[in-house]
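Please read the structure below before turning to the comments.
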Amino acid sequence: MKPKSDVLQGTLALLVLKTLERGAMHGYGITLHIQRVSSEVLRVEEGSLYPALHRMEQDGWISAAWGVSENNRRARYYQLTAKGRKQLAEEEKNWARLTAAVGSVLQFAQ
Amino acid sequence: MSLLSRLAGLLKIRRLERDVEEELRAHLEMRAQDNVAAGMSPQEARYDAQRRFGNSTLLKEDTRAMDIVGWIETTGQDLRYAARMLRRSPGFTIVAILTLALGVGANTAIFSIVNAVLLHSLPYPDPDRLVRIFFNEPGVGLRDVRFSKPELDDLLTRAGVFEDVSPIYEGSENLTGVKQPERIDGVNGSFSYFSMLGVIPQIGRLFGPQDFAPGFAPLAVISDGLWRRAYGADPNVLGRTIRIDGDPFTIIGVLPRGFRHPGPTTSGDAEVFCPFGFSADPFPPPMRGTRILKSGIGRLKPGVTLKQAQARLTTMAAELRHDFPTDYPPQAQWTIEIQPLQETLVGKVRPMLLVLLGAVILIVFIVSLNIANLLLARASGRQQEMAVRLALGASRGRLVRQMLTESMLLSLIGGAAGIATAAGTLGFILRYVPSNLPRLNEVRIDWVVLAFALLISILTGLVFGLAPALHSAKVALYAAIREGSVGSGYGTKTGRLRDVLIVSELAFAVILMVGAGLLLRTLRDLLQENPGFSPTQVVTANTWLGVPNDPKADPYLGIPGKAAFDRELLRRMKAIPGVELAAITSALPITNSNPNAVGGLAMEGLAIQDRPVESSQDLRAERIRISPDYFKVLQATLLRGRSFTEGDENGKQPVAIIDESTARKYWPDREPLGRQVRFGKDPTQPWITIVGIIKDIKNEGLDIDGVPHIFVSVYQDPSKQVSVALRTSLPANLLEPQIRHEIQSIDPGLPVFNVVSMNDILDRSLASRRFSADLVGAFAGLAVLLASIGIYGLLAYMVGQRSREIGLRLALGAQRADVLRLVMGRGVVLAGLGIAAGMIFSASTASTMASLLYGVRPHDPAVFLVAPLLLLIVALLASYIPAWRATKVDPIAALREA
């Protein structure tokens, strides 16, 4: 089985939710967006992305509907729900706290 | 997600599958398109997209699994596959399900009893605040002594911890004015008895403080059972008069069906409840030293803990001892103790029930270990299947899940069958449960029992499923594929796992054997115990003359009236054809039929001549009134002196016969014959001269020793409890109509009850011991059988797997004896390990069984020697067959096969 640590999964959810905040998007578009915005630093594995998307759908954070892509292909578009927005805010706060904490540890060490 | 949408989801499985597939395909194509745009060749672009996906089947599965629908679908698939696997080997499946059904069924049945008796709260509001109150005199070794009305008042007013207290006076009562005079159990409580318990009547009302009278109020509340039996459930029963021991009472209410008096009764349930004030006629004036009350129940104030209440009562007892030194002699150390009511009702049977529960749990685990062994053997056969699935990309977790689904399916089918069996046969099983077990009428299969049965099923499923499941997932891919086809040896991993299973199975078996051994030895000791009399050819019957509150209503008042009745009764009994001898007693042996002895002893204080008065407090004995031929009927042994004669009657010198226990206790170094005793503290009573000494008669039960008894002549000291003992070769059921007819010809208002042979009395007194000993014994036998099958199966499997190696050894010159030793040695080592582990566990826990044993110490050397030895012999026999087969391996054939 692929390693799926909580941190990784948690971060993936945060990235996906944040990406979807801009509007509905399909899975491939999400990978492209994250890759591009992070200047190719973050690459989303397909193997993790789709299970994660379906799990978030199950949890009610996002909803899915079939749509037509830019180049006229049928694709599954994901959209943030109200619950998902709340979750995103929560995760952003957690992330900020975590990075701040890590940052202060690093500064202290210097 | 609601259940409904889940179900709806099931219908969407197909669509989900298509959706996921299409979604992933769209992703692939978009990636490929971008790749082409970035300058790759179309083929390269597709490969790259595909490569990024990795194992696309796995991804699809993972993605689908995220949806509940997908999860259910996978489980459904596994279940279907599991069901197919189970159908493929029907023999194994049927044996496994049947043994599991038996195991889980036995667990369900025993647990339903444990649940009702031990776990359920008593069926009253706030049952945790109800306590039983005991008065003890630890200084003279007495527990649960009687108490007086002023002491009762102290509990209510001075202690400050009770919301309410009611004395309880349980007893045998004659019910007349109905079709057939009946002897029933009645409860006399205070006016607040029902409000304290929080009962609501079915019809009418219950007596309460507003009815208060210092002596008694002529009001009666009857049980649902009596209402249906004697009044045909007539709603107009209210206001009717009921005669109890000759006194008229007015029925004011009927109790609800489920109500039971929370205390000991002489036989069945209490059926008539009457209120008393306990301080005026028919009771003596309330003096602190006039201790007439037998037992008490109290309800603690809300918020008062048991500990706080106990502390307060201990302090109060000390204050009272200080304030009234003449009523509380210092050497008695009189004190008050409270216990949760539930504890006093069921505390005695707890050890037995827990031992039974432990035994059934052990059995179900032995069963599941056996199934685990079978599954492991099958798992070895399925190594290749697993290896191939692994090679095709199945994850190990997925394989474990598949295997676990199989064993869970098996255990749940077995469990459901077990629950169904238990539910269907519970009524039948309960008939074999000794009826003196409290709260048996509350036994039913409720959701707690169902949850327990489910838990046991799941646990057994885990026990027998986890080992093979983990085992198959750990199979090394290369090894399984390489050597999968030919049994190449006794694989160490499977081997070790199977060894562990066998060792634990034997350990469990030996624990059960030790337990069964101790219980069976106790039973055998009790059966061989000399009761002090010969119970064969003795038939007993009982009647109760009644104690009316109004002395004028008593036809047998005083000594002469009662003696006339006794003589007439004996004359009529002896005239029954087939009766050789007849005698009367106030308390039959073994059960102590004396109604004053409900739930214990009715030891009375006595004074002994030539002993200082101040020490008279700690002198007590059980007084039994008998007619002259009593010892002849029982064939008890008179050691010295004489028996009673017809001449020992009113107006003559009062005489007594004591037993050895009394002689040893009160005249350890003197001859008791000719010495004098007196019951009670009343100095005007005459002294009674001891004229004989008999060997001890076990009057309170085969397992109770050393109670001092003093027998007096029924013609000098009359008794309202009249038990008849007849020496006859006729059976009790044949004599019953004649006995009833003769007694009711004297007085048609007398009930005749419990006409049974003395042998049956002895037998019944051992019912619960026999029940638990037989049950644990049967479980132990089953455990030995299962363990021997297990060890046989293991060794047979090992011999089969190693036949090539054995052939090689034989070809190289090993002797048959060496081979025999090799196989049997393994069996012995495993058995030895298991037995040793089991013995260590037994030795460390045996003392918890102490209260169930009699005449046998918890670490009885015989049991601790015989049980392991027996199991070792069985293990040796079980390993001999495969070992003997191993010696028959043909070296040529074995080598050629290789």
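For the range A:33-69 and the range B:135-197, write down the distance between their C-alpha centroids in whole Å.
Here the two parts' Cα centres lie 76 Å apart.
Please rank B:Ser757, B:Ser121, B:Ser627, B:Ser56, fewest neighbouring Cβ atoms within 10 Å first, as an exposure proxy.
Values: B:Ser757 21, B:Ser121 11, B:Ser627 24, B:Ser56 15.
Placing the least packed residue first, the sequence is B:Ser121, B:Ser56, B:Ser757, B:Ser627.
Which listed residue (B:Leu369, B:Val400, B:Leu357) has the Cα farthest towards the positive end of the charge dipole for the range B:329-411, taking +1 on Lys and Arg C-beta and -1 on Asp and Glu C-beta about the Cα centre?
The residue sitting farthest along the positive end of the dipole is B:Val400.
So for the pair B:Asp610, B:Glu21, with labels modelled 7 Å out along Cα→Cβ, what separation do we get in nm?
Each label point is offset 7 Å from its Cα along the Cβ direction, giving 10.9 nm.
Could you list B:Asp818, B:Asp224 in order of exposure, starting from the residue whose Cβ has the fewest other Cβ atoms within 10 Å?
Least crowded to most crowded, the residues run B:Asp818, B:Asp224.
Can you tell me how much longer the chain between B:Val95 and B:Ala843 gets when fully stretched, taken as 0.36 nm per residue apart minus their C-alpha distance, in nm with one decimal?
Gain in length upon complete extension: 265.9 nm.
Which whole-Hz couplings ³J(HN,Hα) result when phi for each residue of the range B:347-357 is put into the Karplus expression 6.51 cos²θ - 1.76 cosθ + 1.60, θ = phi - 60°, listed in order with x for Gly and Pro?
Karplus values, whole Hz, x for Gly and Pro: x, 5, 8, 4, x, 4, 5, 5, 4, 5, 4.
Divide, for the range B:833-880, the radius of gyration over alpha carbons by 2.2 N^0.38 Å, where N is the residue count.
Against the empirical 2.2 N^0.38 Å value, I get 1.30 for the range B:833-880.
Could you give the distance between the Cα centres of the range B:292-356 and the range B:380-423, to the whole Å?
Measuring centre to centre over Cα atoms gives 56 Å.
I need to check one value: relative contact order of the range B:128-223, counting alpha carbon pairs closer than 8 Å and at least 6 residues apart, in percent.
Details: 84 pairs, mean separation 14.5, N = 96.
About 15 percent, as a whole number.
Calculate the mean, over all residues of peptide A:18-28, of how many other protein chain Cβ atoms lie within 10 angstrom of the residue's Cβ.
Neighbouring Cβ atoms belonging to other protein chains average 2 per residue here.
Please compute one quarter of the surface area of the Cα convex hull for the protein assembly as shown and express it in square nanometres. Let's see the in-between values first.
Details: hull surface 245.9 nm².
Averaged projected area of the protein assembly as shown's Cα convex hull equals 61.5 nm².
What would the Debye equation give as log₁₀ I(q)/I(0) for chain A at q = 0.10, 0.14, 0.20, 0.21 Å⁻¹, counting only Cα atoms as equal point scatterers?
Relative scattering, expressed as log10 I(q)/I(0), comes to -0.32, -0.60, -1.12, -1.20.
Please give the length that would be gained between B:Arg240 and B:Gln33 if that part of the chain were fully extended, namely 0.36 nm times their separation in residues minus their C-alpha to C-alpha distance (nm, one decimal). Walk me through the intermediate numbers first.
Details: separation 207, 0.36 × 207 = 74.52 nm, distance 9.95 nm.
64.6 nm is the gain from fully extending B:Arg240 to B:Gln33.
Once the Cβ-Cβ distance between A:Leu98 and A:Ala24 is put in as r, and R0 is 30 Å, what FRET efficiency do you end up with, to the nearest 0.05? List each step's numbers first, then the result.
On the way: r = 28 Å, r/R0 = 0.95.
Given R0 = 30 Å and the Cβ-Cβ separation, E is 0.60.
Under 20 Å Cα-Cα from B:Lys652, which aspartates and glutamates qualify once same-chain neighbours fewer than 8 residues away are excluded?
The reachable aspartates and glutamates, counting only those whose Cα sits under 20 Å from B:Lys652, are B:Asp566, B:Asp629, B:Asp682, B:Asp717.
Go ahead and run the numbers for FRET between B:Glu44 and B:Glu805, Cβ-Cβ distance against an R0 of 35 Å, rounding to 0.05.
Efficiency for this residue pair is about 0.05.
From the convex hull of the Cα coordinates of the range A:62-110, what is the mean projected area in square nanometres?
Details: hull surface 21.2 nm².
Answer in nm², one decimal: 5.3.
Where does chain B land at 222 nm, in deg cm²/dmol rounded to the nearest 500, when only DSSP H runs of n ≥ 4 count, each adding -39500 (n - 2.57), divided by all residues?
Roughly -17000 deg cm²/dmol at 222 nm, from the helical runs in chain B.
Only residues of the range B:641-675 count here: report those whose backbone N is under 17 Å from the spot 7 Å along Cα→Cβ of B:Lys574, or say none.
Of the residues in the range B:641-675, B:643-649 have backbone N under 17 Å from the label point off B:Lys574.
Could you name the lysines in cross-link range of B:Lys60, using Cα to Cα under 17 Å and dropping any fewer than eight places away on the same chain?
Counting by Cα, and skipping residues close in sequence, B:Lys60 has these lysines nearby: A:Lys2, A:Lys4, B:Lys12.
Report the FRET efficiency, 1/(1 + (r/R0)^6), for B:Asp774 and B:His741, where r is their Cβ-Cβ distance and R0 is 56 Å, rounded to 0.05.
Efficiency at R0 = 56 Å is approximately 0.90.
Among bridges DSSP assigns within the range B:186-288, what percent are antiparallel (round to 5)?
The antiparallel fraction comes to roughly 55 percent.
On a full-extension model of 0.36 nm per residue, what is the gain between B:Gln635 and B:Val500, subtracting their alpha-carbon distance, rounded to one decimal in nm?
Details: separation 135, 0.36 × 135 = 48.60 nm, distance 5.85 nm.
That pair, B:Gln635 and B:Val500, stretches by 42.8 nm at full extension.
Which parts of the range B:172-215 would a label at B:Ala233 reach, counting a residue when its backbone N lies under 20 Å from a point 7 Å out along Cα-to-Cβ?
B:179, B:200-205
In the structure displayed, which of B:Lys149/B:Lys665; B:Lys574/B:Lys665; B:Lys552/B:Lys720; B:Lys179/B:Lys720 lie more than 26 Å apart, Cα to Cα?
Distance filter (> 26 Å) returns B:Lys149/B:Lys665; B:Lys574/B:Lys665.
In angstroms, what radius of gyration and Dmax does chain B have, counting Cα atoms only?
Spelled out, the Cα radius of gyration and Dmax of chain B are 37.1, 133 Å.
Between B:Asp128 and B:Gln537, what is the label-point separation in nm under the 7 Å Cα-to-beta-carbon projection?
Rounded to a tenth, the inter-label distance reads 6.1 nm.
Each reported figure results from applying straightforward, stated rules to the coordinates on display, with no laboratory input. What you see is a predicted model; the values in this text were computed from it and never measured. Backbone-built Cβ (ideal geometry, glycine too); neighbour counts: all protein chains shown.
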